[in-house]
Amino acid sequence: MSYILGYDPDTLREQVDPIRCEGRLGEIGEQRSLPALLERVWLLKVLDRLDDALVLSEQSVRVARMAGTRKDLLRARILHATVLQVRGQLAAADQELTACAEEADGQGWSGIAAFAYQHRGKTRYDGEDFDAARTDFKRALFLRQESGAPDEQLESTLLAIDASERRRVRPSVAS
């Protein structure tokens, strides 16, 4: 998304322009389409409005289950899991991302699988399992390359691989 200015090299979180994100949130308003719901979830998440993001992500999963395709449902579930991850619910996020990655992989949907592996890697990174995070990031990179992902996605994955390798070499540094 064009709202991402970069990624924090230590936390791997998106760095965004909050004014543009708030503006976009206002533009979307209360639209109920699945794409609008998913975008609102993401915007709320990056604006650190996690309670609202959680409620809306649960709603988006229900909408996708009732009216969307299997791909739509996977995207909604992955986004919901990213909200859980940022809230610190790492085990629940990891479990959901694993199920989504396996289903997408099994269907040959490499773009969606890459999305799930990238975020499972971030979840494992947050949990300080840097070897597992690195493995997930490398899998995401392969899948993104295979699906012809844009350079920004490849760069974010390379940044994540580099960060996990740095953290493996020097485990958590006291703050």
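The values are calculated or read from the model by the stated rules, or taken from the named source; none is laboratory data. Predicted model, so just to flag it, every value in this text is computed and none were measured. With ideal geometry, Cβ positions are generated from the backbone for all residues, glycine too; neighbour counts draw on all protein chains shown. These area figures cover heavy atoms from the full protein model, side chains too; ligands, DNA and RNA do not enter into them. Shrake-Rupley method; radii C 1.70, N 1.55, O 1.52, S 1.80 Å.
With angles folded into 0 to 90 degrees, how steeply does helix 18-28 sit against the dominant principal axis of the chain? Use alpha carbons for both and round to 10. Once rounded, one gets 30 degrees. About the centre of its Cα atoms, the chain shows a dipole size close to 280 debye [charges on the beta carbon of Lys, Arg (+1) and Asp, Glu (-1) only; nearest 20 debye].
Pairwise Cα separations in the chain fall into 10 Å bins from 0 onward with the following percentages, short to long: 11, 37, 39, 12, 1. Sorting 114-126, 149-161, 52-64 by average packing, meaning the other beta carbons within 10 Å per residue, from highest down gives 114-126, 52-64, 149-161.
Taking a Cβ cut-off of under 14 Å around F137, the surrounding Lys, Arg, Asp and Glu residues balance to a net charge of +3, with basic ones at +1 and acidic ones at -1. What a 1.4 Å probe finds exposed on the chain is 50% carbon and sulfur by accessible area, rounded to a whole percent.
Using a ≥ b ≥ c from the Cα gyration tensor of region 112-175 (square roots of the eigenvalues), is it rounded, prolate or oblate, where a/c under 1.5 gives rounded and otherwise the larger of a/b and b/c decides, a/b for prolate?
Prolate, since a/c reaches 1.5 and a/b exceeds b/c.
So what is the accessible area of the chain per residue, in Å², with the probe set to 1.4 Å? Show your work: numbers first, answer last.
Details: 8880 Å² over 175 residues.
That works out to 51 Å² per residue.
Of the residues G88, I112, L143, the one whose Cα sits farthest towards the positive end of the charge dipole of region 60-174 is G88 (charges of +1 on Lys and Arg Cβ, -1 on Asp and Glu Cβ, taken about the Cα centre).
Where nothing but the Cβ of Lys and Arg (+1) and of Asp and Glu (-1) is charged, how large is the charge dipole of region 9-60 around its Cα centre, in debye to the nearest 20? Present the calculation step by step, with values, prior to reporting the outcome.
On the way: 7 positive and 11 negative charges, 26 e Å.
Roughly 120 debye for region 9-60.
Each 5 Å bin, from zero up to the one with the longest distance, holds this percent of the alpha carbon pairs of region 1-105: 2, 13, 21, 24, 22, 13, 5, 0.
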